[in-house]
1. Taking the Cα-to-Cβ direction at T282 and at D251 and moving 7 Å from each Cα, how far apart do the two end points lie in nm?
2. Between segment 24-72 and segment 306-353, what is the C-alpha centre distance in whole Å?
3. Just how large is the dipole of segment 272-349 about the Cα centre, in debye to the nearest 20, putting +1 at every Lys and Arg Cβ and -1 at every Asp and Glu Cβ?
4. How big is segment 311-362 on each of its three principal axes, counting only the C-alpha atoms and giving the largest first in Å?
5. Given just the C-alpha atoms of segment 59-190, how large is their convex hull per residue in cubic angstrom?
6. Which order do peptides 267-280, 43-56, 68-81 fall in by mean Cβ count within 10 Å, highest first?
7. With r defined as the distance between the Cβ atoms of A244 and T167 and R0 fixed at 30 Å, what FRET efficiency is calculated, to the nearest 0.05?
8. Under 1.5 on a/c is rounded, so check that first for segment 34-85, then, if it is not, pick prolate when a/b is larger than b/c and oblate when it is not; a ≥ b ≥ c are the square roots of the alpha carbon gyration tensor eigenvalues.
Amino acid sequence: MRHRIAVVGSGPGGLTFARVLHRHGCPVTVLERDPSPDARPPGGTLDLHEGLGQLALDKAGLLADFQALSRPEGQAMRILDTDGTVLRDWRPGPDERANPEIDRGQLRDLLLGPLDVQWGRGVTRVVPGARDGVRVHFADGRQETFDLVVGADGAWSRTRPAVSPVTPHYTGVTSVETSLDDVDTRHPDLARLVGDGSVAVYGVSRKLVAQRNSGGHVKVYAQFRAPLDWHANLDLADAEAVRASLLALFDGWAAPVLDLLHHGTAFVHRPLHVLPVAHTWTHVPGVTLLGDAAHLMPPLGAGANLAMLEGAELAESIAAGPEDLDEAVRAFEERMWARAGRWAEITTAGLERLVSQDPAEALALFDRVQPSAT
């Protein structure tokens, strides 16, 4: 008898899990609270690493399609001083494919392919231990049971409480995101500043990063250390008030850098939360987690990559057909915890250096990661 398997969440990890199962002829139910794929903006660009996200796509049979869509030139990275001086300007070689970029929306559509996602199925609770399986409660009051429920539902996972009482905590770093559209035509000077990839400027306990997406779209991220309630006297829905607050925070920085904020459209507040570095749990039959639901860490390029590889590996283990489904899940969790723990340490230390009292820490970290740029 085939197992009844559900994955909660249609992010990169959940879709990779479902797509690899589909490739092996295993049925899977994808549960997503959004009413449609385009119900909200998909977010910015992702760099998929050769040994992580790209490996996962290879397991899904999608690596060639990814290579056709990705932007190897997007790996370029420029670092400026706050006065506008160029400190580093690294550009990838013609055959550099270690971390090519792809827009999240393009990746989502690539992974969706033939999958049958149940849109508008918001999960409120997952209850293991029922006689007929794991019971999933939905926002509309309905319930359904499965043999395995995989929580790939992100930072504020509704699946996580079934295996762990732990919730994310604030890192002390806040990110405010804005965007520039049609940058090459409307803001050619900023297009040149950003280049083909990203530009980063580091100051004392704050930084500005602009990252090119496809179609002339640029995402801008202002990050700074502040209390979680730093905006208590600020209306976050008032774009001009947020802009003025950010410009005051980055006062004295070079005018071309501040233009990234001057020309930004709407502003989105994203305080950075994480789970404990070594987040594990006592195994619960019929339920597991992957990606941010399992190991939320600072957004330094690892999260989506880990989620995708975890999804692919778990799917392959299930498709290999052990009679004991629980045995495959237990083995997966052990591998995931070890690898995610290493990356959580790396990204936690990275955030400390990238948003630091000493901006030289960020430059030193870049030089260690990309020594050819010096």
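1. According to this spin-label approximation, the distance is 5.5 nm.
2. 17
3. Its charge dipole is roughly 360 debye.
4. Answer, in whole Å and largest first: 55, 15, 9 Å.
5. Working: hull volume 29.3 nm³, N = 132.
It is 222 Å³ per residue.
6. On the way: 267-280: 17.4, 43-56: 21.2, 68-81: 19.5.
Top of the packing list down: 43-56, 68-81, 267-280.
7. Numbers: r = 33 Å, r/R0 = 1.10.
E(calc), rounded to 0.05, equals 0.35.
8. Oblate shape, in that a/c is at least 1.5 and b/c is the bigger or equal ratio.
The numbers here are math on the coordinates, done by the rules we state, and not lab data. A quick note: this is a predicted structure, and the numbers were derived from the prediction, not measured. Note that we place each Cβ from the backbone using ideal geometry, even for glycine, and neighbour counts take in every protein chain shown.
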